[in-house]
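Worksheet: one structure, shown below.
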Amino acid sequence: MVGETTLDLISFIQQNLNRPIDVFEIMQRTTIEVLGKLAFGYKFGCLESEEIPHIIKVYKYITSTIVSPFRRVFRWIESNKKFMNAIEKFDEFIFDIIETKRNEIKKNPHKGHDLLTSMLELGEQEGINTDVKQLRDEMVNIFAAGHDTTSMSLSVSLYYLAKYPEMQEKAREEVISVLGNYPNTIPNSDQLKELKYVSAIARESLRIHPPVPMITLRKLKEPVKIGKHILPINTTVIVNAWQIHHNPQYWENPKQYNPERFLNNEKRHPFAWIPFSAGPRNWYV
């Protein structure tokens, strides 16, 4: 699905080579399309024309408004009504997808390969009647968490590849050596593992510009000692991923974009690179 969407991205860009292209906006279109297919089995059509689908405009309005302090303080203002109407409209869209997917599974089980199909089928097998609002929450969470963050990381990589053409050439040579110099080739999982330099570019982009620079607030359940300081119980803390990724104690020339640092097998603290926090999602190994 990702490979096919990437081919659609290339076609979309080729049709617009006569004008400047907003890379971040194009990457947003691409990640939305990928998430639609992976999460819902739904095609938004973001790469079919320059017009952005209406439901995506609704989603973008919600994400741009939800953080507004005015919305929280002045709940009676007209823009807040518009915000709630947008929420209702996006909910209807998600509920409709869930209902359609349930009907499709009844008619033809095991046909879909998307996350929603898997969740519904596993729920059926385990005898769990998953609440539609819970499914909605899961789908929206995946959609929101995987959209802008991925778009930002891709845009950062493209920015530095444009800034340093020698890196771009090295990455291109590696891809050609692994996949051959053939258009429209989608790599398999084994070939992806061979793309060491391309992988290093992705990791360095996540290091120098972590898409989530501040990791979620936590409240301490017990005192914690950090250096000479002791943080008491119930202290609210936040992990500054940006600061960690730019700490000269762990990274040589931290402000310099250098993918090679991920190819020299240098041993670092396991939490020196935490764009996705720690645990199984940490891609440092």
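The values are calculated or read from the model by the stated rules, or taken from the named source; none is laboratory data. In this text, all values refer to a predicted model and were calculated from it rather than measured experimentally. Don't worry about glycine lacking a Cβ; one is built from the backbone with ideal geometry, like all the others, and counts go over all protein chains shown.
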Tally the residues that are of a type in the set (A, V, I, L, M, F, W, C) and farther than 11 Å from R207 by Cα, restricting the search to region 247-275. 2
Pick from A162, A171, A144: which is more than 30 Å from D96 (Cα to Cα), touching a helix residue (DSSP H, G or I) at 6+ places or on another chain (Cβ under 9 Å) and surrounded by 12 or more Cβ atoms within 10 Å (Cβ to Cβ)? A171
From E104, E138, E88, which residue is in a helix (DSSP H, G or I) and either β-branched (V, I, T) or more than 26 Å from the chain's Cα centre (by Cα) (or both)? E104
When you scan region 185-285 for helices (runs of 4 or more DSSP H) that lie fully inside it, which ones turn up with 3 or more residues that are of a type outside the set (D, E, K, R) and surrounded by fewer than 17 Cβ atoms within 10 Å (Cβ to Cβ)? 189-194
Among the candidates I21, I13, residue that is out of contact with any Ser or Thr (no Cβ under 9 Å at 6 or more places or on another chain), assigned to a helix (DSSP H, G or I) and among the aliphatic types (A, V, I, L, M): I13
Out of S199, S157, S118, S189, report the one residue that is assigned by TED's automatic domain parsing to the domain that holds D22, more than 30 Å from F95 (Cβ to Cβ) and not charged (D, E, K, R). S157
Among the residues that make up region 93-110, is at least one of them in the same structural domain as G146 (by TED's automatic domain parsing), more than 22 Å from K60 (Cβ to Cβ) and touching a residue at least 40 places away in the same chain (Cβ under 8 Å)? yes
So in region 107-129, with the set limited to residues that are in a loop (DSSP other than H, G, I, E, B) and either of a type in the set (A, V, I, L, M, F, W, C) or surrounded by 16 or more Cβ atoms within 10 Å (Cβ to Cβ) (or both), which one is nearest to the chain's Cα centre (by Cα)? D114
Can T150 be described as surrounded by 11 or more Cβ atoms within 10 Å (Cβ to Cβ), polar (S, T, N, Q) and under 29 Å from K89 (Cβ atoms)? yes
